[in-house]
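One structure below.
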Amino acid sequence: MIKIGIIVGSTRPGRNGDTVAEWVRDLAVKRGDAEFEVVDLRDFDLPHLDEAFPAAYGQYEHPHTRAWSERIASFDGFVFVTPEYNSSTSGVLKNAIDFLYAEWADKAAGFVSYGVDGGARAAEHLRQVLGRVKVADVPAQVTLSLHTDFEAFTDFKPAAHREETVTTMLDQIVSWATALRPLRTAEVAA
Ligand SMILES: Cc1cc2nc3c(=O)[nH]c(=O)nc-3n(C[C@H](O)[C@H](O)[C@H](O)COP(=O)(O)O)c2cc1C
């Protein structure tokens, strides 16, 4: 069965990201067409990129890189739950993406962004970055507003219509992750 990782893109104390990721996971697991797991960057404690070789070489020196590689390699697609920091995604998520290469390739991804203005700029930057590591990014996107989907900027109360967009996004991720499977299989076999 297709396996999708829901990546929490914030490690900040008091973050909103974990609550948003759990909301996506709780909606996703009601489907029966894929498995969904939350991936928390806090669990990997990655330093600023400290590998001597670019990730495309696949020669990882450090145990933290190998643990991160193993986790990401286990998925067929991703939901990136990203905050908007200064009109982009978080540094910690960009750094985590930079650590790997082949583990992202030929997989599908969608975005759940959040911020004062819905975090759309963060998701747009992520689309550009992920294109470089051969991720197929789906068009459906969930943009949560700190003004209307949260109370007091912290108490997550998503508008009812958001669930429909999550469903559309997950439909697209699962179908593209499935369609890209022959490419992933060919790369493993090569
Ligand atoms: C360093 C920093 C920069 C931010 N910049 C933006 C921004 O440019 N646009 C925006 O809409 N919100 C911005 N925000 C608000 C965050 O999107 C909001 O605090 C969000 O909850 C952060 O995600 P987190 O709580 O999961 O860490 C910023 C917050 C921080 C901490």
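The values are calculated or read from the model by the stated rules, or taken from the named source; none is laboratory data. This is a predicted model, so every value here is computed, not measured. Virtual Cβ from ideal backbone geometry, glycine too; neighbours counted across all protein chains shown. Just so you know, the surface numbers come from the protein's heavy atoms only, side chains and all, with ligands and any DNA or RNA stripped out. Shrake-Rupley method; radii C 1.70, N 1.55, O 1.52, S 1.80 Å.
Observations on the model:
- Taking a sphere under 15 Å around the Cβ of residue 120 and counting the other residues whose Cβ falls inside, with K and R at +1 and D and E at -1, yields a net charge of -2.
- Label point distance in nm, residue 19-residue 66, each placed 7 Å from Cα along Cα→Cβ: 3.9 nm
- The modelled label-to-label distance between residue 156 and residue 53, using points 7 Å beyond Cα along the C-beta direction, is 3.8 nm.
- With a cut-off of 19 Å on the backbone N, the residues of the stretch 74-100 near the modelled label site 7 Å out from residue 186 along Cα-Cβ are 76-77.
- Cα centroid of the stretch 31-93 to Cα centroid of the stretch 134-190, whole Å: 16 Å
- Per-selection Kirkwood Rh - the stretch 1-42 (Cα, Å, 1 d.p.): 10.7 Å
- Total formal charge among the other residues, if their Cβ is under 12 angstrom from that of residue 179, Lys/Arg +1 and Asp/Glu -1: +1
- Nearest-0.05 FRET efficiency for residue 120 and residue 179, computed from C-beta distance (R0 30 Å): 0.70
- The residues of the stretch 36-114 expose, per residue, 42 Å² of accessible area to a 1.4 Å probe.
- Lys pairs, the chain - Cα-Cα below 26 angstrom, 8 or more residues apart or on other chains: 9
- Neighbour net charge for residue 31 - beta-carbon separation under 13 angstrom, K R +1, D E -1: -2
- Computed over the chain, the per-residue total of -39500 (n - 2.57) for DSSP H runs of n ≥ 4 gives a 222 nm mean residue ellipticity of -11500 deg cm²/dmol, rounded to 500.
- Base-10 log of normalised Debye intensity for the stretch 65-107 (one unit scatterer per alpha-carbon) at q = 0.14, 0.16, 0.17, 0.31 Å⁻¹: -0.35, -0.45, -0.51, -1.16
- About its Cα centre, the dipole of the stretch 75-181 is roughly 340 debye, where the only charges are +1 on Lys and Arg Cβ and -1 on Asp and Glu Cβ.
- Percent accessible area from carbon and sulfur atoms, the chain, protein chains only, probe 1.4 Å: 53 percent
- Of 180, 97, 116, farthest towards positive along the dipole that unit charges on Lys, Arg, Asp, Glu beta carbons give the chain: 180
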